[in-house]
Amino acid sequence: MKNWKKNPVRLIWLFVGFLSMGIGAVGVVLPVLPTTPFLLLASFCLAKGSARFHNWFTGTKLYKKHLDSFVKNRSMTLKTKFSLLIPVTCMLLLAFLAMQNVYGRIFIVLLIIFKYVYFFTKIRTVPAGQKFLPEAEG
């Protein structure tokens, strides 16, 4: 208990970490919520809050299924990439349709383009059954 008194900010990190993990878990079932960004945030916050909780989180099925290959190799399956990109693109298109400002609409279009370019140039695509790329490929 003394550790919490020395650094009470750790409680905030843990709260945000568990909240993000909960939202990410709900995102597995609901296609409207993106899973991976919330789980990445959870991993970051839990690491800041407690090594014990971070180690526990990285051992869960949720982490291993959705983040492990990305964290270790910066790679994802094509299905994972599209399961992230499509819901976010739909939400951005709704914002595009609701927005009357031309500059705002241009920004949204550029954001959508940037997302797809980033995902397909900076994050490697692995075949569906394969978790990691061989180390020889660099």
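Read-outs throughout are calculated quantities, based only on the coordinates presented, and are distinct from any laboratory measurement. Note that the structure is a prediction, hence the values are computed from the model and not measured. Neighbour counts run over all protein chains shown; Cβ positions are idealised from the backbone, glycine included.
Summary of values
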| read-out | value |
| --- | --- |
| Where only C-alpha atoms are counted, convex hull volume of the chain per residue in Å³ | 145 |
| The chain - charge dipole about Cα centre, Lys and Arg +1 at Cβ, Asp and Glu -1, debye rounded to 20 | 500 |
| Degrees, to the nearest 10: 9-29 long Cα axis against longest axis of the chain | 50 |
| Ascending count of other beta-carbon atoms within 10 Å, so fewest first, for TYR118, TYR103, TYR63 | TYR103, TYR118, TYR63 |
| Low-density loop cleavage sites - trypsin sites (Lys or Arg not before Pro) in region 39-101, where at most 15 other Cβ are within 10 Å (DSSP) | ARG74 |
| 0 to 90° range, to nearest 10: angle between helix 35-49 axis and the chain longest Cα axis | 30 |
| Estimated vicinal HN-Hα couplings, Hz - region 51-59 in sequence order (Karplus 6.51, -1.76, 1.60; Gly, Pro = x) | 5, 5, 5, 5, 4, 4, 4, 5, x |
| Nearest-ten-degree value, helix 102-121 long axis tilted from longest Cα axis of the chain | 70 |
| Amide hydrogen neighbours beyond the local backbone of VAL126, cut-off 5 Å, H modeled | MET76, THR77, LEU78 |
